[in-house]
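We did not get these values from a lab; they are worked out from the coordinates using the rules stated. Keep in mind the model is a prediction, meaning the values are calculated, not measured. Cβ coordinates were reconstructed from backbone atoms using ideal geometry, including for glycine residues, and neighbour counts include every protein chain displayed.
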Amino acid sequence: MAKAVARAALAGARAALIGFALSHQVLERRHLILKPRYSIHSCDTVTTIPVVTSMIKISNLSKFYKSGKVKALDGVELSINAGEVIGLIGPNGAGKTTLMQCMLGLLRPTSGDILINGFVPNHLAVKKITAFLPERPLFEGWMTGRLFLRYHHMLSGQPDVNAAAEVEKALDEVQLQESARDRRIKTYSKGMLQRLGLAQMLIGKPSLCFLDEPTSGLDPISRNIVRDTILKWKADGATVILNSHHLDEVERVCDRVAFIQKGHIDLVQSTRGLEGETVAMLVKWAGPANAHERLKEIASHSSFGLELLTEKSACFKLRGRQEMPLLIRALIDAQVDIEEVFEDRAHLEKLFTASQSRDAG
Amino acid sequence: MNRAVFIFTFLLKLSTVSKLDIAIVVLTFIGLLGAAYSGKEPTAIIEGFTSPPFLLFFGYSFSQDVALNSNSLRDGEYFALLFTRPLTRSSYVLTKALVVTCGTLAISSLFLGLVGLSELVMHAKNIVLIDGWRFVSLTVNCFGFGCVVVLLRTLPAKIGFRCLFIFLSICMLNSSTDFSVKMDQDASIVYAWEYFATFLQNFLYPVIDFDALVHSTRFTWQPIIDYASNCLIYLMIAIYILNKREFSYAEN
């Protein structure tokens with residue numbers, strides 16, 4: 001009798017546990033596979049994804065933490081076109097990383113939808129074209145740089161035949177020094193780690209790239225490598241989502257920028273539009289003594305507005321970047337001994353500040 | 001199963017074989033030589049090396065990972081790099097369980113080989129090796145404990161170690177039931193203890209004894225169902241936990 005009771009209790013408890021586990025699995029899978037709008041037969045049969053105008057479509061996306069107490073994202077709407085480079089900018093804690101992680105399928109939204117070429121972000125067909133560089137990647141310290149890339153090559157499902165060549169090409173592109181390639185990753189510096197992270201993104205020729213603060217803490221050479229890689233992706237037609245605090249960097253590489261503030265997208269602005277706007281040029285000179293008069297003369301005989309004039313520097317306002325060479329030519333013609341001419345790249349910063357002020361107001 | 005995760009988890013273990021690991025093997029061999037010299041029955045030693053506590057210990061030592069069973073997720077994003085590749089969580093967990101199975105089986109086989117070698121060195125008359133059904137049981141049980149170990153490794157460090165401690169304690173309690181029968185002062189306590197130990201064993205152990213099953217007079221499916229359902233539960237909970245703690249930024 002006692003054995004029968006014990007056995008019945010055991011069977012009941014086991015059934016309850018399986019039920020609990022299965023229910024959660026069903027929920028996970030529901031999130032994983034029931035949302036695609038395209039009909040597909042198997043992940044393995046999908047090699048190319050049909051290209052639509054809007055590659056990423058985000059509708060009414062919300063993500064709450066701590067049972068709704070913290071609203072990281074609240075009703076975000078955004079469309080990202082194929083081949084576009086878009087920058088996400090905003091203050092710390094605005095929700096940029098959360099938005100990126102939702103797009104990558106690493107976080108489940110509380111509500112709303114994200115569709116990438118019609119599939120949910122967790123779909124294997126999406127992952128095959130995705131590459132990601134987190135802000136603080138945690139590498140396998142015991143591996144060497146080469147081995148790490150071989151690992152990611154294998155993970156990406158690429159044929160093994162070209163593995164060695166692809167790994168070398170990626171390492172060459174990020175200019176990771178030869179002597180470091182066979183060293184254990186735990187001996188790498190911050191810059192080398194970031195280069196390795198960038199190299200793993202190059203594996204598998206991705207067409208959808210996500211970078212979360214890729215240049216934070218990097219030296220200028222490494223920053224240039226990151227920028228050049230993004231521009232190369234852009235030239236190859238890849239879609240790039242860049243999360244960065246370096247506004248000048250965003251302005252240089254991005255087609256559009258989205259300003260995020262307290263979980264909302266306040267403004268989506270084209271950087272081409274910014275280019276068409278007025279540009280402030282700062283000029284510093286060594287001589288001659290009557291430089292002030294000559295500069296005033298340049299301003300009076302052209303469309304350049306002289307905004308500021310100090311003892312050895314001046315600020316001209318131009319109607320666009322296309323006028324920069326004209327200004328320099330005019331300065332040379334006026335025989336001003338130019339020491340330095342540079343653009344006051346503060347437009348995005350001004351927009352960013354204005355966006356914050358609006359919110360504070 | 002994911003080939004990359006399988007191969008690189010093995011590589012990780014091979015790259016981290018320490019002097020301590022080698023010392024343990026050498027000391028065990030010396031101990032076995034002593035046992036063979038004193039004419040001890042090797043069957044008990046073989047049973048020892050294939051028992052749940054040993055399998056759990058071997059499996060646990062084989063399942064290390066950079067992020068699994070650690071708090072290092074706070075220091076960086078490990079799974080973010082992994083799961084943005086075409087790899088599902090279920091595939092990852094299942095692969096890890098298979099790696100632990102192979103690793104545990106390899107270590108167990110090494111120690112069982114040492115038993116045979118020690119007998120050979122000491123010129124034992126009959127060299128006792130593990131028989132076929134016991135080896136099948138060992139292989140299947142390695143997978144069962146592989147599932148347990150992956151679950152324990154998927155938990156955060158502190159909880160993982162506590163669960164391992166509880167599991168090992170239960171292993172010890174079960175192995176001490178024969179001893180407790182000796183205290184026949186209060187038979188009801190002994191019976192209750194036996195039932196409790198059996199209950200825990202049936203409920204928690206993903207273990208099957210093919211030798212007993214095959215040689216029993218009446219075949220029953222119950223041990224097989226118990227084993228399969230236990231493995232399934234452990235794997236599913238591991239996948240569920242991995243889904244929950246995949247990204248340190250949002251552990252809520």
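Other residues whose C-beta falls under 12 angstrom from the C-beta of B:Gly144 contribute a net charge of -2, scoring Lys and Arg +1 and Asp and Glu -1.
For A:Glu307, the residues whose modelled amide H falls within less than 5 Å of its own, excluding neighbours fewer than 5 places apart on the same chain, are A:Cys315, A:Phe316, A:Lys317. Bridgeable lysines around A:Lys190 (alpha carbons under 24 Å apart, same-chain partners fewer than 8 residues away excluded): A:Lys96, A:Lys169, A:Lys232. Can you bin the range A:144-216 into rounded, prolate or oblate? Criterion: square roots of the alpha carbon gyration tensor eigenvalues sorted a ≥ b ≥ c, rounded for a/c under 1.5, prolate for a/b above b/c, oblate for the rest. Oblate is the answer for the range A:144-216, as a/c is 1.5 or above yet b/c matches or exceeds a/b. The H on the amide N of A:Ile260, modeled in the peptide plane, is under 5 Å from the matching H of A:Ile89, A:Gly90, A:Asp266, each at least 5 residues off or on a different chain.
Placing dummy labels 7 Å off each Cα toward the beta-carbon, the span from A:Glu307 to B:Ile166 is 6.6 nm.
Across the range A:241-257, coupling constants 3J(HN,Hα) worked out from phi with the 6.51/-1.76/1.60 Karplus curve, θ = phi - 60°, read 10, 10, 10, 8, 8, 7, 5, 5, 5, 4, 5, 6, 9, 8, 7, 9, 10 Hz, and Gly and Pro carry x.
Only lysines eight or more places from A:Lys312 in sequence, or on another chain, were considered; those with a Cα closer than 28 Å are A:Lys284, A:Lys296, A:Lys350. Other residues within the sphere of radius under 9 Å centred on the Cβ of A:Leu171, judged by their own Cβ, net out at 0 (K and R +1, D and E -1).
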